Every structure is written in structure tokens, then in C-alpha cells.
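Below you'll find the structure, written out as C-alpha cells, and then a few comments.
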Amino acid sequence: MRGFKAYVRILFWAAFLLFVFNRFSLRPLVLESDLPEFLHIAVLSFPNLAEAILGMTVVTGIVFRLRDSLAAAMKDVMLYLLAALATLIYVVSQELGYHHLGGNNTYDVFDLLASILGVVLMFALFCFFGFQATESE
């Protein structure tokens, strides 16, 4: 069983740490100030972007582990697509209020766009740079 590429681990932990920083430090500071509206939107929507990045990474890892344990012959790009669709279904359905598994949520188009952007970004990165490390990495 191979591990994940270094950039995947870095992005995962960076998204997590930025989520925590945004939640407890940056968001209160920005919301209490008289800064431009786009900064308010950014700090309020960043958790959705981070959730999509973290979710896409976790789901992709699960899909790869399943493929490896089942000795299935699926191409990596199909796994990325499968992971992206599963993650999109989760984050979009949560944002639209079909479930509240991630907590109580209010609909905001910017949150929806941030969620979609996170999944699309990770899908593109995985397609371009890969997900699993090779034996030499």
C-alpha cells in the first residue's frame, strides 16, 4: 500500500490549520471591523472551501484504499472523478439543506461556490499531479 504524495498531506493540513485560524482568529477580527464586503464574504465562505478540500482528500484516499484492497483495475482519473462526485453530492446537498451532517447551515450562494471551487480545485490538482506516491517518492 502506497502513501499519499507530499503535496496532498501539505494541502490537507494547511486547509485544516487555516480553517481553525479563520474560525477563531481571522473571522471575528474581520466581522467586527469595517472592512470591504468581499473580505466578510471570504472569511464566511472559507470554511466551505476548506471542507471541500478536506472532504475531497479523504474521499479520494478512501477510494484509492478500496481499489488497492480489492485489487480492482480502475484508472486513477476514474477514481478522482468518483471521489469528486461523491464529495460534490455531500457538500452541495448540505449547502442546499438536504441534510445537516456538517452542522446547522444557512444557504449562501458564496458558500455553495466555495464548496464547488474546492472540489474542482482538488480534482484538477489530483489529475495533474497525482495522489498516491510512487515507490521512489
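The values are calculated or read from the model by the stated rules, or taken from the named source; none is laboratory data. All values derive from a computational prediction rather than experimental measurement. Reconstructed Cβ throughout: ideal geometry from the backbone, glycine too, with neighbour counts over all protein chains shown. These accessible areas exclude ligands, DNA and RNA; they are computed on the full protein's heavy atoms, side chains included. Shrake-Rupley method; radii C 1.70, N 1.55, O 1.52, S 1.80 Å.
What the table shows:
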read-out	value
Search result, residues across segment 41-78 that are open to solvent by less than 50 Å² (accessible area, probe 1.4 Å) and among the polar types (S, T, N, Q)	S45, N48, T57, T60
Residue among F38, F16 that is surrounded by fewer than 18 Cβ atoms within 10 Å (Cβ to Cβ) and touching a residue at least 12 places away in the same chain (Cβ under 8 Å)	F16
L54 touching a Lys or Arg at 6+ places or on another chain (Cβ under 8 Å), of a type outside the set (S, T, Y) and assigned to a helix (DSSP H, G or I)	no
Subset tally (residues that are assigned to a loop (DSSP other than H, G, I, E, B) and under 21 Å from C127 (Cβ atoms)) for segment 1-34	3
Residue match in segment 107-115 (condition: assigned to a loop (DSSP other than H, G, I, E, B), touching an Asp or Glu at 6+ places or on another chain (Cβ under 7 Å), at pLDDT below 85 and open to solvent by 50 Å² or more (accessible area, probe 1.4 Å))	yes
